[in-house]
Amino acid sequence: MQVHFLGTGAGLPSKKRNVTSIILDLLQERNELWMFDCGEATQHQILHTSIKPRKIDKIFITHLHGDHIFGLPGLLSSRSFQGGENPVTIYGPKGIKQFIETTLSVSQSKLSYPINVEEIDEGIIFQDEQFSVSAKKLEHGIESFGFRIDEQDSPGPLLVEKLKEEGIAPGPIYQQFKTNDTVELPDGRTVLSKDFIGEAKKGKSIAIFGDTRYIEEHITFCHQVNLLVHEATFNQEQAELAHDYFHSTTTQAATIAKRANVKQLILTHISSRFQLEEVDQLLLEAKEVFPNTQIAIDFDSYPIK
């Protein structure tokens, strides 16, 4: 599992940063890519990567400001020309369905695959045997969401050496230990499967926030995630400006990370007022509060550890 940043800028594109889009790479886990936001020219950014749009299975939209959705109609249309056949589910605030239907209809765009648009509220919006995705309302000028993705725990490994020590030879019987609560052995004994299964592997978790003011209740939502992706549109000296425009500063994002006891923080949605040479100062501000912080730039990739 890893994240790819296709766009890391706020509001409007600059020469060094495109507007927001993030890919959660689940190719190893389920042969899928999940996209979070799709700002203008996201499909152009994809051309500079090895990402295949036909692998994008789900798209999560944090809010309906243009720098987070203007790339969506183009991406959906181009996906048809690039061999996309599998359905795509799009999750977003109320209004996302009208936006997609209107832009595709007016442009007379015909998709080669079905799309399902789900307008969301708080709570679990997707769940299967591998992952669950929860949504949390943030505080922005319009309805904005944060998403938390939790991987289910994986069963522990079969303790082969312990089985052999008990005189249980390798064979089809080993499969029973993975599927049954008890196993009857050839010698007539009945044993508990759990005594021969190692400790379960804890699933990973990630929280990706849309645009938001600093709100303390967000701490609970991202508590102890492996990775928090949070906007940092302003620096610490611009806290009043951040509040007025419903955004966060570097130190506010770092405070959320510290108080939520997350493992890693990546800042994105950086204002175009900051040049690349100023990023080091932004990073220093955040690291003074939460040391394990990075600031993403376009095309960065980070494994979720």
- Positions within region 65-84 being out of contact with any helix residue (DSSP H, G or I) (no Cβ under 7 Å at 6 or more places or on another chain) and in a loop (DSSP other than H, G, I, E, B), in sequence order: His65, Phe70
- Task: Kindly establish whether Asp187 is surrounded by 13 or more Cβ atoms within 10 Å (Cβ to Cβ) and among the acidic types (Asp, Glu).
- Result: no
- Item | Residue list for region 4-54, filter: aliphatic (A, V, I, L, M) and out of contact with any Ser or Thr (no Cβ under 7 Å at 6 or more places or on another chain) | Val19, Ile22, Ile23, Leu24, Leu26, Leu27, Leu33, Ala41, Ile46, Leu47, Ile51
- Task: May I ask you to list pairs of residues, at least six apart or on different chains, whose Cβ atoms are under 9 Å apart, with the first in region 103-123 being over 19 Å from Ala135 (Cβ atoms) and the second being small (Gly, Ala, Ser) and in a loop (DSSP other than H, G, I, E, B)?
- Result: Thr103/Ser109; Leu111/Gly84; Ser112/Gly83; Ser112/Gly84; Tyr113/Gly84
- Query: Yes or no: Thr42 touching a residue at least 12 places away in the same chain (Cβ under 8 Å), out of contact with any Leu (no Cβ under 8 Å at 6 or more places or on another chain) and in the same structural domain as Val279 (by TED's automatic domain parsing)?
  - Reply: no
- When residues of region 23-39 are limited to those that are over 15 Å from Gly92 (Cα atoms) and of a type in the set (A, V, I, L, M, F, W, C), the one surrounded by the most Cβ atoms within 10 Å (Cβ to Cβ): Leu24
- The correct count of residues that are surrounded by fewer than 16 Cβ atoms within 10 Å (Cβ to Cβ) and among the aromatic types (Phe, Trp, Tyr) in region 92-140 is 1
- Across region 97-120, the tally of residues that are hydrophobic (A, V, I, L, M, F, W, C) and over 18 Å from Gln43 (Cβ atoms) stands at 3
- For Ser205, the lone unmet condition from (1) among the polar types (S, T, N, Q); (2) surrounded by 14 or more Cβ atoms within 10 Å (Cβ to Cβ); (3) under 19 Å from Ala10 (Cα atoms) is (3)
- Under the condition of being polar (S, T, N, Q) and in a helix (DSSP H, G or I), which residue from region 41-64 is nearest to Lys137 (Cα to Cα)? Thr42
- Message: Among the numbered criteria (1) surrounded by 15 or more Cβ atoms within 10 Å (Cβ to Cβ); (2) out of contact with any Leu (no Cβ under 8 Å at 6 or more places or on another chain), which one does Ser272 miss?
- Response: (2)
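The values are calculated or read from the model by the stated rules, or taken from the named source; none is laboratory data. The structure presented is a predicted model; accordingly, all values stated were derived computationally and were not measured. Here Cβ is always computed from backbone atoms with ideal geometry, including for glycine, and neighbour counts include all displayed protein chains.
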